[in-house]
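Chemist: Supplied in structure tokens, the structure appears directly below.
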Amino acid sequence: MSSYEEIRPRELKPALLELEGISRASVEAHYKLYQGYVAKRNEILGKLATVDLGSANQVSSDLRALKVELSFAIGGIKNHEVYFEHLGGEGGDPSGALGGLIERDFGSAEAWRADLKATGMAGRGWAWTAYDWDEGRLFNYIGDTQNTYPIWNATPLVALDVYEHAYFLDFQTDRASYIEAFFGNLDWGVVNDWVQQYQITP
Ligand SMILES: [Fe+2]
């Protein structure tokens, strides 16, 4: 049994309702999904507080089901908190410390963008630019769902949602154009604040 505190969804920044190419209706529907992950995380932790530990079983058990789906709910929270927080900007090439890191690890902003876009086209849910603390570098990782495949001890700095719910309303099946719109709305100031906060240094 473990104790826990309920968490609440973060507020949606007003700028998210005025993105270029990604409609208010799409963002509002998307934000509701995020609220759902928060609610489920709280609900699952509530159930885990009284789950029967004695019947834990790897084939099927309440404990197993709750813990597997908890990882999905928490992934959904963390992924979307990065996603919503770093949109609402002017896009362009990354500036500041992050610009330096991207140039060092990818060669150029252009090469980073091409690699992340391709990773997003190849993923079924997410593509992340994350800093791996063990390797000391940035890499574009692929994700298929909310809980696949995060890398231990890596910190996501850019989270590109490529689930269809992120773009179908505005772009139908044209994921490539959505990814371009995503790049055009990134707020590099926000990402650079994270770089500073986490003390990631070249
Ligand atoms: Fe999403």
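Chemist: Anything in the chain that counts as a DSSP H helix reaching 27 Å or more along its axis (C-alpha) with Kyte-Doolittle mean of at least -0.5? List them, would you?
Modeler: Correct list, ordered by number: 62-85.
Chemist: Can you pull the one-decimal nm distance between simple spin-label points at M121 and H165, each 7 Å off the Cα toward Cβ?
Modeler: 2.6 nm
Chemist: Here's something else I'd like to know. Can you give me the Kirkwood hydrodynamic radius for the chain, using every pair of distinct Cα atoms, in Å to one decimal?
Modeler: 17.9 Å
Chemist: List the longest stretch of the chain that has no exposed loop site; here a site is one of the trypsin sites (Lys or Arg not before Pro) assigned by DSSP to anything other than H, G, I, E or B, with at most 15 other Cβ within 10 Å.
Modeler: 11-123
Chemist: Let me ask you something else. How about K32: which lysines have a C-alpha closer than 19 Å to its C-alpha, ignoring those fewer than 8 places off in the same chain?
Modeler: Qualifying lysines at Cα under 19 Å: K13, K40, K78.
Chemist: Right, another one. Longest span of the chain, sites excluded, free of chymotrypsin sites (Phe, Trp or Tyr not before Pro) in DSSP loop with at most 14 other C-beta atoms within 10 Å?
Modeler: In short, 5-132.
Chemist: Roughly how many whole Å is it from the C-alpha centroid of the stretch 142-202 to that of the stretch 30-69?
Modeler: Measuring centre to centre over Cα atoms gives 26 Å.
Chemist: In addition: Once you have the Cα-Cα distance between K67 and E20, take 0.36 nm times their residue separation minus that, and quote the gain in nm to one decimal.
Modeler: That works out to 13.1 nm of additional length.
Chemist: Only helical DSSP H runs with n ≥ 4 go in: add -39500 (n - 2.57) per run for the chain, normalise by residue count and round the 222 nm mean residue ellipticity to 500 deg cm²/dmol.
Modeler: Rounded to the nearest 500, the figure is -15500 deg cm²/dmol.
Chemist: About the Cα centre of the chain, how large is the charge dipole given +1 on each Lys and Arg Cβ and -1 on each Asp and Glu Cβ? Please answer in debye to the nearest 20.
Modeler: With Lys and Arg at +1 and Asp and Glu at -1, about 540 debye.
Chemist: Within the stretch 117-191, which GluC sites (Glu not before Pro) sit in a loop by DSSP and count at most 16 neighbouring Cβ atoms inside 10 Å?
Modeler: Filter output for the stretch 117-191: E135.
Every read-out reported here was derived from the displayed coordinates using simple, explicitly stated rules and does not represent laboratory data. Everything numeric here is computed off the predicted structure, so don't read it as measured data. FYI the Cβ positions are ideal-geometry reconstructions off the backbone, even for glycines, and counts take in every protein chain you see.
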